[in-house]
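Data block below; observations after.
The values are calculated or read from the model by the stated rules, or taken from the named source; none is laboratory data. This one's a predicted model, so the numbers in the text were calculated from it and none came from an experiment. Cβ placement follows ideal geometry from the backbone for every residue including glycine, while neighbour counts extend to all protein chains displayed.
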């Protein structure tokens, strides 16, 4: 499967960064299972698993231009990126810091 992970912070993290750690670990685990993983992250990011490919991205305001068209799924970890990836199959994982009120998830402005 061709999987794109979106990470707006540099990975790996040295200190605190629980969402970034999840993205980093998940990307590595998916690559170990044989998936093609593309991690879109800021300049300076890297992954110890050489099967995880990195696309350096400084501007996350137009992800559709950065994401290859042949992906099977785009995994976002921040609700604010939904409008940018809605032309792809996407998956959202909420890590707890994205939404103050869980009812906000259902608002049409996100979808």
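Comparison of 87, 97 shows that the only residue that is loosely packed, with under 12 Cβ neighbours inside 10 Å, touching a helix residue (DSSP H, G or I) at 6+ places or on another chain (Cβ under 8 Å), more than 16 Å from residue 9 (Cα to Cα) and at pLDDT below 95 is 87.
For the stretch 54-67, the tally of residues that are surrounded by 12 or more Cβ atoms within 10 Å (Cβ to Cβ) and not in a helix (DSSP H, G or I) stands at 7.
Pull up the stretch 23-41, narrow it to residues that are surrounded by fewer than 16 Cβ atoms within 10 Å (Cβ to Cβ) and at negative phi, then point me to the one that is nearest to the chain's Cα centre (by Cα). Spell out how you get there, then give the answer.
Filtering the stretch 23-41 for residues surrounded by fewer than 16 Cβ atoms within 10 Å (Cβ to Cβ) gives 25, 29, 32-34.
With the extra rule that they be at negative phi, the set shrinks to 25, 29, 32-33.
Numbers: 25: 12, 29: 14, 32: 18, 33: 18 Å.
It comes out as 25.
Looking at 58, 20, just one residue is over 20 Å from residue 89 (Cα atoms), modelled with pLDDT under 95 and in contact with a strand residue (DSSP E or B) (Cβ under 9 Å, 6 or more places away or on another chain), and that residue is 20. The set of residues from the stretch 37-79 being touching a residue at least 60 places away in the same chain (Cβ under 8 Å) and in contact with a helix residue (DSSP H, G or I) (Cβ under 9 Å, 6 or more places away or on another chain) comprises 67, 74, 75, 76, 77, 78. Each residue in the stretch 1-17 was checked for being within 19 Å of residue 90 (Cα to Cα) and touching a strand residue (DSSP E or B) at 6+ places or on another chain (Cβ under 6 Å), and 6 pass.
Residues in the stretch 1-22 that are surrounded by fewer than 20 Cβ atoms within 10 Å (Cβ to Cβ) and part of a helix (DSSP H, G or I): 3 in all.
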